[in-house]
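Take a look at the structure set out below.
The values are calculated or read from the model by the stated rules, or taken from the named source; none is laboratory data. As the structure is a prediction and not an experimental result, all values here were calculated from the model. A quick note on method: Cβ atoms are made from the backbone with ideal geometry, for glycine too, and the neighbour counts reach across all protein chains shown.
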Amino acid sequence: MIFLEKKGGRLLVTSGKESISVFFDEGKILHAEQGGIIDKRRMKRVLLKNQYLTKEQWDLMVEESERTFQPLWILLSRILEKNTHAFLFLHQRHIEHVLFSLLRWERGEYEYNPEDVPHLDKKVFRPVEGEFLLMEGYRVIDELKKLESKLPPMETKIFTSTEYNKIVTENDIRVDDNERYILSILEQPISLNDLFDSSQINICETGKGVEKLLSSGILTVLSKGEVPKLSDKSTHNWRKHAVVGSIFFSVFLGILVRTKYLDTEFASNQLVNRYKIIQVTDTMNNIVKSLKFYISLTGTFPYNLESLVKEGYISRKETLDPWGRQFILEKNSQFFAIFSQGPSPDDPGDDIYFHLDNQFYHE
């Protein structure tokens with residue numbers, strides 16, 4: 001009725017000791033709250049896990065909120081003032097989490113106050129179409145019910161298996177973009193509940209990704225109080241180990257080359273280039289992440305990387321590869337690709353590509 005009659009105000013719903021507030025403006029959802037402690041914990045997880053803020057920046061923001069009584073979301077909107085699209089994405093994700101939690105309640109009491117409207121800048125806090133979220137919410141709940149039988153309890157802690165590389169190689173497992181993202185935020189054991197709160201991808205896609213990674217053995221369940229025992233061969237943090245391993249391999253290769261009386265400068269350049277090639281992957285992943293933000297908010301694919309810079313999705317520095325040259329963005333009806341010209345711009349054989357098919361930007 002609030003949607004249809006384009007009403008404003010606050011809808012307060014309580015169930016036992018839990019309460020959720022949904023704020024409306026002209027029938028659209030302007031903001032939602034699930035209680036200070038829950039919202040604060042979820043906000044901290046997503047900001048730190050996805051590296052929007054450092055731990056020091058988060059502590060300063062909380063300190064200012066406690067000192068000035070300003071809401072954390074208001075302070076965050078100022079911190080991310082130059083990256084408004086990221087803030088919009090984060091705030092919409094927050095509203096989705098709160099509303100989907102509310103839709104899972106089976107009973108409760110509600111109170112509607114049409115006069116209680118928060119004074120939020122609608123240019124920053126963009127109202128969300130509630131009808132779409134309702135339909136999406138019920139679809140998500142239905143999907144999660146199917147996944148619940150395949151997943152451990154939400155308080156269960158999970159972690160990347162120390163046998164990650166071996167499992168992937170021996171079973172020829174293909175890890176997709178969503179699954180790589182899930183692994184990237186598992187730098188330490190984390191509960192399923194925390195993982196879902198931290199994830200920036202669709203809740204159902206997060207669940208499906210976790211289910212596949214658990215069933216394949218790439219993710220492992222930790223028993224209560226268990227701490228992973230990591231040896232020198234451990235791959236729990238596979239990206240960092242891959243970087244370190246490649247650097248050591250390159251150093252060894254450089255020594256080997258020197259023993260055969262080859263040019264020392266050549267060996268050194270090889271080492272530097274190998275390290276830069278590893279850096280390219282991380283930088284490309286950041287660009288893909290920014291592309292997803294852009295597409296999810298605009299519904300269109302950017303004309304070029306300069307468009308992402310002008311709109312504040314990424315900095316100009318992030319569009320340059322480790323050799324100081326601009327990454328190149330290409331697309332057609334089948335796929336899009338980001339690529340670097342590699343160490344030698346005149347040699348197409350050392351170009352480094354990141355491909356995704358058109359499902360990425362048509363979803």
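Results, tabulated for the structure shown:
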quantity: Hits in the stretch 63-85 (condition: in contact (Cβ under 8 Å) with a residue 60 or more places away in the chain and either over 23 Å from residue 130 (Cα atoms) or crowded, with 20+ Cβ neighbours inside 10 Å (or both)); calculated: 82, 83
quantity: Every pair of residues 6+ apart whose Cβ atoms lie under 6 Å, when the first sits in the stretch 49-62 and is under 19 Å from residue 181 (Cα atoms) while the second is assigned to a helix (DSSP H, G or I) and of a type in the set (Gly, Ala, Ser); calculated: 49/198
quantity: Single condition residue 155 does not satisfy, out of (1) without any contact (Cβ under 8 Å) to a residue 12 or more places away in the chain; (2) within 24 Å of residue 39 (Cβ to Cβ); calculated: (1)
quantity: Residue in the stretch 23-34 that is under 17 Å from residue 199 (Cα atoms), β-branched (Val, Ile, Thr) and either touching a residue at least 60 places away in the same chain (Cβ under 8 Å) or not in a strand (DSSP E or B) (or both) present; calculated: no
quantity: Selection from the stretch 123-150 of residues that are of a type in the set (D, E, K, R) and either surrounded by 15 or more Cβ atoms within 10 Å (Cβ to Cβ) or not in a helix (DSSP H, G or I) (or both); calculated: 123, 126, 129, 136, 143, 150
quantity: Residue 168 in a helix (DSSP H, G or I) and not small (Gly, Ala, Ser); calculated: yes
quantity: Residue 155 being in a loop (DSSP other than H, G, I, E, B), modelled with pLDDT under 85 and surrounded by fewer than 11 Cβ atoms within 10 Å (Cβ to Cβ); calculated: yes
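Residues are listed down the side, and each one gets a yes or a no for (1) out of contact with any Leu (no Cβ under 7 Å at 6 or more places or on another chain); (2) surrounded by 18 or more Cβ atoms within 10 Å (Cβ to Cβ); (3) part of a loop (DSSP other than H, G, I, E, B):
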position: 293; (1), (2), (3): yes, yes, no
position: 296; (1), (2), (3): yes, no, no
position: 307; (1), (2), (3): yes, no, no
position: 330; (1), (2), (3): yes, no, no
position: 342; (1), (2), (3): yes, yes, yes
